[in-house]
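The values are calculated or read from the model by the stated rules, or taken from the named source; none is laboratory data. Keep in mind it's a predicted model, so treat the numbers as computed, not measured. Quick reminder, even Gly has a Cβ in these numbers, built from the backbone with ideal geometry, and neighbours come from all protein chains shown.
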Amino acid sequence: MLPSDKKIILDFCKSTFSWGDYIHHVWDDWLDEGNFFVLTEDRRPVAICHAFIIKNAKLLWIEGIRVDPNYRQKGYAKKLVTKAESIAKKNGCILSSMLIESKNFKSLKLVAKLHYTRKEKWYYYFLAPKKHSSINIQQVKSAKEIIEYLIDSEFYIKSWRWLPLDPKTISSLIKQKKIIISKSQNHIDSLGIITESDHFEKTIMLTLIYTTKSGIKKILFYIQNLTNKKKFERIQILTTKQLPSYPGLEKRLTFYHMTKKLN
């Protein structure tokens with residue numbers, strides 16, 4: 001990729017969504033991580049894709065597939081995905097994943113042809129920081145304490161990447177005090193995993209694994225207070241369940257987590 005490609009690429013990315021795009025925020029990080037692919041036609045960049053390989057989990061995460069509107073319907077997105085999968089296989093990956101907005105029917109149709117299937121539907125909520133009185137939230141001390149709540153949860157989110165929630169990762173998150181719970185009458189009524197975004201400044205992400213109607217209020221109180229103390233600007237909440245109403249909580253988008261076994 002040439003330095004002169006950046007402006008051309010960002011220009012055709014800026015109208016990807018109704019609100020714009022995020023590629024300019026992650027550009028330098030993706031270059032540093034490697035596997036940032038650009039496809040050209042007559043030496044002009046017309047499509048991009050980034051492949052993030054999680055070697056210890058043998059997982060490929062595909063993100064940022066973009067094609068210049070003037071060069072679509074030419075199979076460029078398919079070529080980029082195939083390229084990413086090829087490199088992943090050489091690195092021992094056995095699973096490929098990506099996230100697609102639920103109304104992006106063209107992309108869903110494309111990846112279906114490439115044998116990707118819907119793993120889960122995820123809801124994205126936005127919440128602003130706010131100062132609250134203290135709330136009784138606890139950091140988890142042992143995996144045994146929460147194991148029954150994680151049985152159906154295979155992933156957690158960090159920087160908009162769905163990462164495996166295996167025993168080693170759970171242990172690490174507990175040590176980092178990233179897993180929080182609220183209790184009612186000695187029973188857990190809400191559980192979430194907090195991460196700070198690597199790519200988006202002053203952003204905290206909450207993977208909400210489990211909650212009740214009473215528990216959601218406590219955990220959102222806590223996360224608003226936490227981000228306010230840290231002087232962060234935004235909270236991004238991802239969950240597989242639709243949340244009840246809460247002051248300031250905005251439901252933004254829904255996504256499908258798509259996966260494919262790499263043979």
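If you go through segment 61-87 and pick out every residue that is outside any helix (DSSP H, G or I) and crowded, with 16+ Cβ neighbours inside 10 Å, you end up with 8. From the residues in segment 138-161 that are in contact with a helix residue (DSSP H, G or I) (Cβ under 8 Å, 6 or more places away or on another chain) and either within 20 Å of Lys121 (Cβ to Cβ) or aromatic (Phe, Trp, Tyr) (or both), which one is surrounded by the most Cβ atoms within 10 Å (Cβ to Cβ)? Ranking the candidates gives Tyr156 first. Give the residue that is farthest from Ser97 (Cα to Cα), with candidates limited to residues of segment 13-60 that are part of a strand (DSSP E or B), more than 18 Å from the chain's Cα centre (by Cα) and touching a residue at least 40 places away in the same chain (Cβ under 8 Å). Looking at residues that are part of a strand (DSSP E or B), more than 18 Å from the chain's Cα centre (by Cα) and touching a residue at least 40 places away in the same chain (Cβ under 8 Å), I get Pro45. Taken over segment 134-152, the criterion of being over 26 Å from Lys58 (Cβ atoms) and either of a type in the set (Ser, Thr, Tyr) or in a helix (DSSP H, G or I) (or both) is satisfied by Ser134, Ser142, Lys144, Glu145, Glu148. Of all residues in segment 153-190, those satisfying the criterion of being free of Cβ contacts under 8 Å to residues at least 60 places away in the same chain and part of a strand (DSSP E or B) are Tyr156, Lys158, Ile179, Ile180, Ile181, Ser182, Lys183, Ser184, His187, Ile188, Asp189, Ser190. Residues considered: Glu201, Glu250. Of these, the only one that is at pLDDT 95 or above, of a type in the set (D, E, K, R) and exposed (fewer than 15 other Cβ atoms within 10 Å of the Cβ) is Glu250.
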